[in-house]
1. Going by what's in this entry, would Thr20 be described as of a type in the set (Val, Ile, Thr) and touching a Lys or Arg at 6+ places or on another chain (Cβ under 8 Å)?
2. List every residue pair whose Cβ atoms sit under 9 Å apart, with the two residues 6 or more apart in sequence or on different chains, where the first one lies in the range 214-230 and is without any contact (Cβ under 8 Å) to a residue 24 or more places away in the chain and of a type in the set (A, V, I, L, M) and the second, anywhere, is open to solvent by less than 70 Å² (accessible area, probe 1.4 Å) and in a strand (DSSP E or B).
3. Within the range 156-183, restricting attention to residues that are out of contact with any Gly (no Cβ under 7 Å at 6 or more places or on another chain) and open to solvent by 60 Å² or more (accessible area, probe 1.4 Å), which residue is nearest to Gly17 (Cα to Cα)?
4. Report, by residue number, each residue of the range 193-242 that is farther than 24 Å from Arg132 by Cα and part of a helix (DSSP H, G or I).
5. Only residues that are part of a loop (DSSP other than H, G, I, E, B) and more than 21 Å from His26 (Cα to Cα): list them for the range 156-169, please.
6. Can you tell me which residues in the range 1-24 are surrounded by fewer than 19 Cβ atoms within 10 Å (Cβ to Cβ) and touching a residue at least 24 places away in the same chain (Cβ under 8 Å)?
7. Got at least one residue in the range 89-97 being at pLDDT below 95, closer than 30 Å to Asp236 by Cβ and not aromatic (Phe, Trp, Tyr)?
8. Scan the range 125-155 for residues that are in a helix (DSSP H, G or I) and open to solvent by 10 Å² or more (accessible area, probe 1.4 Å) and jot them down.
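The values are calculated or read from the model by the stated rules, or taken from the named source; none is laboratory data. Because the structure is a prediction, the values reported are computed rather than measured. Don't worry about glycine lacking a Cβ; one is built from the backbone with ideal geometry, like all the others, and counts go over all protein chains shown. In case anyone asks, the SASA skips ligands and DNA or RNA and just uses the protein heavy atoms, side chains included. Shrake-Rupley method; radii C 1.70, N 1.55, O 1.52, S 1.80 Å.
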Amino acid sequence: MQDTVLEFDAYIIDLDGVVTDTAVLHARTWKALLDGFVGEAHPDAEVKPFRTSEDYQQHIRGRSHVDGVRRYLQSRAIELPEGKPGDPEHAHTMHGLAKRKSVMFGKAITERGVNVFSGSKRFLDHLDAASRPTALVTASRNGAMVLERAGIAHRFDVVVDGLTLERERLEPQPSPAGFQFAAAWLGVTPAWTVVIEATEAGVAAGREGGFGCVVGVLRGNSRAALRAAGADVLVDDLAELL
C-alpha cells in the first residue's frame with residue numbers, strides 16, 4: 001500500500017514527531033510540570049517521578065492536555081478537581097495544570113526554536129506542488145504557534161489544534177472527531193484521505209474514522225503497537241513515502 005499513498009486526494013498530518021522535532025520538548029515540559037506539581041502539592045508523598053518515555057507515551061502523547069493530566073494523576077493515585085477551561089495557570093485543577101503546561105511549552109519554544117524534519121519538508125513540498133489539500137491536526141494547544149515559529153504555517157489549508165478541539169467541543173483522540181472536522185473543513189471524503197500519525201491514539205483515531213490510509217511514523221515508537229492500533233503503512237521518515 002505504501003506505493004499508493006501519494007494517490008489519495010487529501011492528507012491530514014500530525015505535528016510533534018511527524019513534522020517537527022517538538023515531541024521530545026513536550027515530554028521534557030510535561031516532566032517539569034508534573035514533577036514540580038507533585039513536589040509542591042504532595043511534598044510528603046512517595047510518588048514515582050514522571051518517566052519521560054514511558055509515562056509520556058502511555059498517558060499523554062496524542063491526547064488533550066486535560067486528558068493527559070487526568071490519566072497521569074490517576075496512574076499515581078492523585079486526586080485533583082477537574083476545574084474549568086477558564087482556570088488560570090496557577091490553579092490547582094486539571095485545567096489549571098493544562099494551562100500551565102501550554103505556557104511552559106510556549107516559553108521553551110521561544111528559547112529553543114523549532115526544527116522541521118528535512119524529510120517532512122520534502123513531503124510537504126511535494127503535496128504543495130501537487131495541489132493536494134492538507135490539514136494539520138494536533139492535540140497540542142500550541143500547534144498554530146509551533147507552525148508559525150517553524151515557518152511552515154502556509155503549508156496547511158486547515159489547522160486543528162488543542163484550542164480548536166476545545167472551542168468546537170470535539171472529543172480528543174482516540175476519537176476521530178478532530179480528523180473528521182478537518183476533513184469536513186477541507187471538503188474531502190475520509191475514504192480518499194490519508195492520516196499520518198506518530199501516536200497509537202492518533203493511528204486508532206484514523207482507523208476508527210474510516211480514513212482510506214493510516215500511516216504510522218515510528219521515530220522511536222513501537223512498530224508492533226502502531227500496527228496493532230491500525231496503521232496500514234509504517235515509515236521512519238515521511239520522505240520514504242515519495
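1. No: the conditions fail for Thr20.
2. Once the first residue is without any contact (Cβ under 8 Å) to a residue 24 or more places away in the chain and of a type in the set (A, V, I, L, M) and sits in the range 214-230, its partners that are open to solvent by less than 70 Å² (accessible area, probe 1.4 Å) and in a strand (DSSP E or B) give Val214/Val194; Val214/Val195; Val214/Ile196; Val214/Glu197; Val214/Val233; Leu218/Leu234; Leu218/Val235.
3. Ranking the qualifying residues of the range 156-183, first place goes to Pro174.
4. Glu200, Ala201, Arg223, Ala224, Ala225, Leu226, Arg227, Ala228, Ala229 - these are the residues of the range 193-242 that are farther than 24 Å from Arg132 by Cα and part of a helix (DSSP H, G or I).
5. Listed by number, the residues that qualify are Phe156, Asp157, Glu168, Arg169.
6. Met1, Gln2, Thr4, Leu6, Phe8, Asp9, Asp21
7. No, because not a single residue in the range 89-97 is at pLDDT below 95, closer than 30 Å to Asp236 by Cβ and not aromatic (Phe, Trp, Tyr).
8. Those that are in a helix (DSSP H, G or I) and open to solvent by 10 Å² or more (accessible area, probe 1.4 Å): Asp125, His126, Asp128, Ala129, Ala144, Met145, Glu148, Arg149, Ala150, Ala153, His154, Arg155.
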